[in-house]
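Presented below is the structure to which this report refers.
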Amino acid sequence: MKIAIFGDIHGNIEALRASFKAISGSVEAIFHLGDLGGYAPFVNEVADFLAEHGIRGVQGNYDDAVADDREHCGCRSEDPVQERMAALSFEWTKRRVTPKTKAYMASLPKEIALEALGRKISIFHAAPHKNNLYWFEDRPEKFFREMAGQSDADILVYGHTHKPYRKDLDGRIFINAGSVGKPKDGDPRACVALIEIEPDAIRVEFRRVEYDVEAVAAAIVEQGLPEYYSERLRRGA
């Protein structure tokens, strides 16, 4: 079985379209990890695309916060500038999101559970118990074991940090799919995680997909979002 995972799209319809085109027909299923809006202006288009193409997914912290009209997106900021920019982006998204998109966001489950060739797979946004926990690769092994203890899955798939990685520990496989719409690993190309489950191996590829970054960067400014996000999009930051 081969599946594709679209992590954190964040309103970037051009990255989503390019990613779908790049892997369409080569996998048996596609899943998304939530966080459909914020930072780029096409939140409604993203939700419509996912629904139109029958791409199942889970609810991210951004989706939950927008659907529930909360005051904060649940995102962590590294400095006061980032905190201010995040607040502006979140308020912009709440103003522009349609009732249809809000309903779609609200309907997303917290987890999707699969089984392939005897392997249990759990797909969620950030952590088994919390959708805004930052689970970076350099977390200590103790932390990975704590997260594994909250799931019976053999393969745990998640996003939220926008930085892809695979880690094998104690017979479990941990996969952060990275981000389709807003990578933060220094590579502005969209990132798609391809997971192939075989009888004797689990293969993971982080495929980078070219798209028109400049068009989206321009749209961010044109639609009234902070230029801060167009600059970061160009840098993959």
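Where in region 162-233 are there strands (runs of 3 or more DSSP E), lying fully within it, with 1 or more residues that are buried (at least 16 other Cβ atoms within 10 Å of the Cβ), of a type in the set (A, V, I, L, M, F, W, C) and within 15 Å of the chain's Cα centre (by Cα)? Full working, then the answer.
Values: elements: 165-169, 172-176, 190-198, 201-209.
Fully inside region 162-233 and qualifying: 172-176, 190-198, 201-209.
Tell me, please, whether a residue that is modelled with pLDDT of 95 or more and within 21 Å of N131 (Cβ to Cβ) can be found in region 69-85.
Taking every residue of region 69-85 in turn, none turns out to be modelled with pLDDT of 95 or more and within 21 Å of N131 (Cβ to Cβ).
Search region 1-11 for residues being of a type in the set (A, V, I, L, M, F, W, C) and outside any loop (DSSP other than H, G, I, E, B), and hand back the single one that is farthest from S179 (Cα to Cα). Spell out the reasoning first.
At the first step, the residues of region 1-11 found to be of a type in the set (A, V, I, L, M, F, W, C) are 1, 3-6, 9.
Keeping just the survivors that are outside any loop (DSSP other than H, G, I, E, B) gives 3-6.
Details: I3: 16, A4: 12, I5: 9, F6: 7 Å.
Among them, the one singled out is I3.
The values are calculated or read from the model by the stated rules, or taken from the named source; none is laboratory data. Please read these numbers as outputs of a predicted model, since none were measured by experiment. No Cβ is skipped: glycine too gets one built from the backbone with ideal geometry, and neighbour counts run over all protein chains shown.
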